[in-house]
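Only the coordinates and a few stated rules stand behind these numbers; no lab work does. Quantities reported herein were computed from a predicted structural model and do not represent experimental measurements. Virtual Cβ from ideal backbone geometry, glycine too; neighbours counted across all protein chains shown.
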Amino acid sequence: MQHPNAQAFSFANSQNAKVAEVRGTLGIIKVSGVIDESLTQEVASAVDAFSKNEAVDQIAFVIQSGGGGIAGVKELSDRIAMVSKPKYAFVSGIGASAAYWIASASDAIFTTATSEIGGVGVFLSFFDESKMLEQIGVKVNFFASGSLKGIGANGVSLTEDQSIHLQNRVDDLATIFKTDVRSHRAGIDDSALQGQTFLGRAAIASNLADALAIDERDFMRQIGAH
């Protein structure tokens, strides 16, 4: 079944850099670039490995991502939340939307003063090419077994019922996202969960983050990693 993919804020970025390593007793997982299902699976595998590794006594997520696809992100967040070892996130540059969802499951979030934090929300876009095709003399004949079958088919405009269905899907996913974030971080006002990002200090004031760090090295020092 084909359908448009919901996005937890898509951010144009370089190719995903996916790194998991151990430094001393610290397990480090780097989450960077556009988040897709492949990246969430890799991060989940690293979380499982560090959780079971007796030589690792705490986990750090180093994040530089504006988000991406929503598939598998809630499940990854749940997996991180269940880890009993201390776990921390450091945002360098940007940690938004799907990336923030991942970070929110940690015990504490550190950020630089100029990093962007948050972006809690979901969007879905649909390109209506029907008018363009009509102008060049192309007519699309479309047949479906139900009023909601084939949403997003090329050259076919959305009906009112389809638009309502898609908006409801976006709202449902956003509710799951917000509820998850609030389950990890109590006291966040709904005004801070409207899809916007905050710079470091404002993110802390909105309870989206916990502390500032100058850089990754300073973050490691603050969590006691050596």
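Side notes on the structure shown:
- Maximal additional length on extending the Ala144-Asn207 stretch stands at 18.0 nm, based on 0.36 nm per residue less the C-alpha distance.
- Förster-model FRET efficiency, 22 Å R0, Ala71 and Leu158, C-beta, rounded to 0.05: 0.50
- Placing unit charges on the Cβ atoms of the charged side chains and taking the dipole of the chain about its Cα centre, the candidate lying farthest along the positive direction among Ser206, Ala81, Ile70 is Ala81.
- Distant-in-sequence amide H partners of Gln58 (H built 1.01 Å from N, under 5 Å): Gly27
- Restricting attention to the chain, close to 35% of DSSP beta bridges with both partner residues there are antiparallel.
- Karplus (6.51, -1.76, 1.60) ³J(HN,Hα), θ = phi - 60°, over the stretch 138-147, in Hz, Gly and Pro reported as x: 9, 10, 9, 9, 10, 10, 9, 7, x, 5
- Close amide H pairs (under 5 Å, H built 1.01 Å from N) link Thr197 with Gly119, residues at least 5 positions away or on another chain.
- Rounded if a/c under 1.5, otherwise prolate or oblate - the stretch 12-84, Cα gyration tensor axes: oblate
- Charge dipole (debye, nearest 20) of the chain; +1 at Cβ of Lys and Arg, -1 at Cβ of Asp and Glu: 260
- Shown in residue order for the stretch 20-34 are the 3J(HN,Hα) couplings computed by the Karplus curve 6.51 cos²θ - 1.76 cosθ + 1.60 at θ = phi - 60°: 10, 8, 10, 10, x, 9, 9, x, 10, 10, 9, 10, 9, x, 6 Hz (x for Gly and Pro).
- Note on the chain: lysine pairs with Cα distance below 22 Å, sequence gap of 8 or more or different chains, count 19.
- One chain, two ends: Thr179 and Ser130. Fully extended at 0.36 nm per residue, the span grows by 13.9 nm beyond their Cα-Cα distance.
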